[in-house]
Amino acid sequence: MESIRVLLIEDHTIVRQGVIALLGTAEDIEVVGEAGDGRSGIDECRRLRPDVVVCDLALPGLSGLEVIKRLASEEPAPKVIVLSMYHDDVWVQRALEAGAAGYLLKGVGVKDLVKVIRKVAGGERHLSPGAARSAENDPLSEREREVLTLLAEGHTSKEIGSILGISRRTAEHHRARLMQKLSIHDVPGLTRYAIRCGLVDQNLK
């Protein structure tokens, strides 16, 4: 039986080395490469053509979400498992929307990680219990996330309406609903929330 070829993208060396050592105990899994940032991770993926990529979200240079999106367009596209400390519902939702096949919270046991790698390599999807609860309990609709992102990027209600093809009044209604759902009552607060959840690049602010 051929081994499942895995690439690890993680910026913390000690975490990267630990995961590689743990995966080395599985006879059917081979870690073929590693990278400490998003751009080199994509380069290594194109060079090594792994079956599965285990990727953090908080990466220097190029975010984990952007890495997932770019890898999804590769031929053949690897299966991506997010291994992250972030359990916020928006992170989970955005990772899945970007194309992730699995989402695990850091601290998962090596046996669970091995099982999920096998599962995802076989074409299934997996969320750890904490991540699954976050995805199920996402308080925002897709439209509300779109409005939140545009607000955080500095667009006015009129501009948001034009971009999304809705009226200014509808855009303002969505903004009011966002504030109510999140208990955040000003645009700077919404912007900080969007940055924290990875909807916009904090370097733009």
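The values are calculated or read from the model by the stated rules, or taken from the named source; none is laboratory data. The structure presented is a predicted model; accordingly, all values stated were derived computationally and were not measured. Cβ placement follows ideal geometry from the backbone for every residue including glycine, while neighbour counts extend to all protein chains displayed.
Please specify each residue of the stretch 162-175 satisfying the condition of being of a type outside the set (Asp, Glu), part of a helix (DSSP H, G or I) and over 27 Å from the mean Cα position of the chain (by Cα).
Ser162, Arg168, Arg169, Thr170, His173, listed by residue number.
Of everything in the stretch 49-68, what is within 22 Å of Lys119 (Cα to Cα) and surrounded by fewer than 17 Cβ atoms within 10 Å (Cβ to Cβ)? Give them in sequence order.
Arg49
From the list Val82, Val54, Val92, Val108, pick out the single residue that is more than 15 Å from the chain's Cα centre (by Cα) and either part of a strand (DSSP E or B) or not charged (D, E, K, R) (or both).
Val108
Contact list please: Cβ distance under 6 Å, first residue in the stretch 163-176 and assigned by TED's automatic domain parsing to the domain that holds Pro188, second residue of a type in the set (S, T, N, Q) and surrounded by 14 or more Cβ atoms within 10 Å (Cβ to Cβ), pairs at least six apart or on different chains.
Arg168/Ser157; Ala171/Ser157; Glu172/Ser157
Going by the conditions given, is Gly99 surrounded by fewer than 24 Cβ atoms within 10 Å (Cβ to Cβ) and of a type in the set (Gly, Ala, Ser)?
yes
When the residues of the stretch 177-186 are filtered to those that are closer than 17 Å to Val90 by Cα and free of Cβ contacts under 8 Å to residues at least 24 places away in the same chain, which remaining residue is surrounded by the fewest Cβ atoms within 10 Å (Cβ to Cβ)?
Ser183
Report the residue count in the stretch 128-161 for those that are assigned to a helix (DSSP H, G or I), touching a helix residue (DSSP H, G or I) at 6+ places or on another chain (Cβ under 7 Å) and modelled with pLDDT under 75.
So the answer is 3.
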